[in-house]
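Structure first, then comments.
Computed from the coordinates by the stated procedures, all read-outs in this text should not be read as laboratory data. For clarity, every value in this text was computed on a predicted model and none was experimentally measured. Quick reminder, even Gly has a Cβ in these numbers, built from the backbone with ideal geometry, and neighbours come from all protein chains shown.
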Amino acid sequence: MAQQNTEAKLKNLLKGEKIQLWNPPFTDHDHQPGRQHMEELAQRFAPLLHLSVSEVSGALESIRVQAVNRGKGNQTYRETNVAMLELLLPRDRKDPKSKKKYLETKLDVLVQEVVDRIGEDHDLKHIKLILNGKTLCPDQCLDEQGVKNHSKVMVLKVSDTELKEQMSREEKKKKEQNESLQRTQKGFQILSERDGSEDPHTTPFLEIADQKGNPLKIPDKERKALILAMGFHEKGRSLMKRKQYDDALCHLLQADQQFRKCDSALLTSVDNYAVLQLDIVWCYRALEALSCLDDGRSRLQRAEDCFLQCYGQQRERLRMIKGNTGREEVLFLRLYLLQSLLSYLEGNDAQAQQKLSKVEDLYDRLCLDSEKMAQLMDLGFSEREARLGLRACHGDLEGAANHITSCRQEREELKQRERQKRRRRMEDISTLTEMGFSRREAARALHRTDGDVNRACEMLQDSGPSALLTNNNTDQPVSPEKVEQLLYLGFERDVSEAALRLARGDIQTATQMLLDSQNLLSPPSTSTSSTASPSSEEPTTSSASTEDEDLVSEVLDDISRHEEEYLDLTLEEESELIETMKTYLSQGNTHTA
C-alpha cells in the first residue's frame, strides 16, 4: 500500500506541474529513461514528500514505465484495435509481489477466450473476470460488457486450490459454487413468487417489513427482485463470516444486480442496499483488490448517501424509530475505515488521517467492557444481546439490561401480532370456504384485499364459477337420489357430486352451477392436496414439489434469525485494519518530522 500511496502523491505533483514523463527529456525516442532529468526530478520531489531520493526515484520510474506502456497501448489500439488490459491477479499466487499484469487482446472476442488465455499464462484454474464490480459473462464479448482499452480487470478464483493433483476437488468446488448460486436464486425465486395464499402453518412465505416489523407495500415485480437480492445478500454474509471471500463476493454481486432492478426511491428508504455496498467493498479489501476496482469509492459514496437518507443527517430518523443510534455506529465505523483506506491508496494522507480519526473515536466508543459483557451474560442474555445492548446504551450496564428486556418484549409482541394475524386469516379463509369458495381462491382474495372479508367475497363472486373449481369442502355427504337426477340431466357423476356439495345439497343451485361452469367443476379425486400421496403417473410433479420445499428450507437457513445480526460486529477485523492504517500513516508522519 505504501508504494501505491507514494505513486499517487507523485502523480498529483506531476499533474500540477504538467510534467509528462513519457515525453522527452524524461523518455528518449527508444522509450528509455532520460536518467539525468529523472534524477533531478527525484531530488526536487524527495524533500516535498519527506522521502529518500532513491524511494522517489524508484516510484518515478514505475510511473514513467506505466505511462510509456499506456502510450504504446494507445498507439497499438489505434493501429490494430488490440487493447491493453491491466489484470489484478489473485493475491495468493506463488509470486504475490507481481500481482499486476497486462494482457493484449481485441475487444470483440468472447470473455471465455480471455479467461482461457489468463488461465494458461498464469497457471490458474476456474477463474472469472470482474470489471467495476460486475462479473463478465463468458459467452459475451468484452466490448459488449463495457471493457475498453486500459480497463482494469480483477481475476477472481472460483476455487480455493489450484494444485494439479487436486483437480477433482477444484471441479467439485466450482460445481458447488455454481450450484450454490443457482440453488440460492431458485429457492428465493420460489419464495418471491408466493403471494401469501398458501397455508401459513405449512408453507413459508416471506414478507418485506420495515424496521418495526410492519409490512411494506411494494409492487409485485420489485418485491420479487428485493427478495432475491436480500437472499443473495444473506448467503454472501454467511460466507463472509467463514472468510470465504471469493464465494461471498460472487453472491454479493448477484445481490447487487437484483437490487438495481428496484426503484431508486425504495433503495434509499431501507439500509439493506447501503450495507450491501459496504460488504462488497469489504470483500474487495479482503481480496486485496481495491487498487484495481474503480467503483470502490462510488460504492462507499452510495452507501453513505443511503445511510444519511435512511437515518437522517444527524441520525434523527433512526433515533425516532429505534430510540437510539449506538448499534448502527458500527456501520459508520466500517464506512469511514474503508474511506480512509481508499484515500491513502489515492495518496491523500490528510483525508485518510481525518477519516481514521473518526474511526478511532467510534472504535473507542464501541469497544465494550468485558466485565459488563460477562455480567449481562450471567443474567441470561446472549453474547449478541449483550453486545448490541451495551452499544445501544453507550456502555451503561443497567440501561443495557433494560434495553435488552424491552427488545425481547417487542419481539414477543410482534410474534403475538403475527400469530393473531395468521389466526384471523385462517378464520377468514374458513368463512369464505363455508360460503362455497375454494380454499386457495379464498386465501388469494384475502391477500389481494388486505384481509377484508367483504371485499374478498365480492371479488370471488365477481370472478364467477372459477372460484369454486377447487373447493376442498368435499367431505359433505350427498343424496344419491339428487346425484341421479343430475345424471339424468346429462352431467357426469364426479362433477355432479362436487356441485351438490358446493350447493349444500340444493339441486337447483347445483344444476345452475353445472350449467354456468359448463362441466368445469373438478371432481374430488383430481383436487391437489399437500398431504395427498402422488400417483404413479405423476412422479415428476411430486418430486419437483419436494425439491422446491427442500430448496426453500435450504435458503431460509441462511437468513439470520435475529433482525440485527448485521450490526453484531466484534470489530476484530476492523481493529487489525486500524492498526495497519496507523502504521502506514505514522511512517508518513515520521518522514515529515
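Data overview
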{"item": "Cα Rg, Dmax, segment 81-162, angstrom units", "result": "11.8, 36"}
{"item": "Per-residue HN-Hα couplings for segment 76-85 [Karplus 6.51, -1.76, 1.60; θ = phi - 60°; Hz; x = Gly/Pro]", "result": "4, 5, 5, 8, 10, 6, 8, 8, 10, 9"}
{"item": "Separation in nanometres of the label points that stand 7 Å from Cα toward Cβ, at Ala2 and Glu492", "result": "8.4"}
{"item": "Mean Cβ count within 10 Å, highest first, over the residues of peptides 409-422, 118-131, 438-451", "result": "438-451, 118-131, 409-422"}
{"item": "Taking Ile507, Ile404 and counting other C-beta atoms within 10 Å, the order from fewest to most", "result": "Ile507, Ile404"}
{"item": "Relative packing of peptides 224-231, 429-436, 299-306, 480-487 - highest average C-beta neighbours within 10 Å first", "result": "224-231, 299-306, 429-436, 480-487"}
{"item": "Spin-label pair Arg419/Lys221, simplified geometry with 7 Å Cα→Cβ offset, distance in nm", "result": "4.0"}
{"item": "Residues whose placed amide H lies under 5 Å from that of Ile127, excluding near-sequence neighbours", "result": "Val158"}
{"item": "Residue-by-residue Karplus 3J(HN,Hα) for segment 59-65, coefficients 6.51, -1.76, 1.60, Hz, glycine and proline x", "result": "5, 5, 5, 4, 5, 4, 4"}
{"item": "3J(HN,Hα) from dihedral phi, segment 351-363, Karplus parametrisation 6.51/-1.76/1.60, rounded to Hz, x for glycine, proline", "result": "5, 4, 5, 4, 5, 5, 4, 5, 5, 5, 5, 5, 4"}
{"item": "Anisotropy class of segment 21-105 from Cα gyration tensor, a/c 1.5 cut", "result": "oblate"}
{"item": "Förster-model FRET efficiency, 51 Å R0, Arg242 and Ile19, C-beta, rounded to 0.05", "result": "0.60"}
{"item": "Among the listed pairs Lys106/Lys148; Lys134/Lys261; Lys186/Lys243, those beyond 20 Å (Cα-Cα)", "result": "Lys186/Lys243"}
{"item": "Per principal axis, descending, Cα span of segment 244-390 in whole Å", "result": "47, 37, 34"}
{"item": "For Ala83, residues with placed amide H under 5 Å, excluding near neighbours", "result": "Thr105, Lys106, Leu107"}
{"item": "Relative contact order (%) - criterion: Cα under 8 Å, at least six apart; region: segment 303-454", "result": "14"}
{"item": "Gained length - Ser370 relative to Arg411, 0.36 nm times residue gap less alpha-carbon distance", "result": "12.1 nm"}
{"item": "Where labels lie 7 Å past Cα in the beta-carbon direction, separation of Glu573 and Tyr102 in nm", "result": "3.4"}
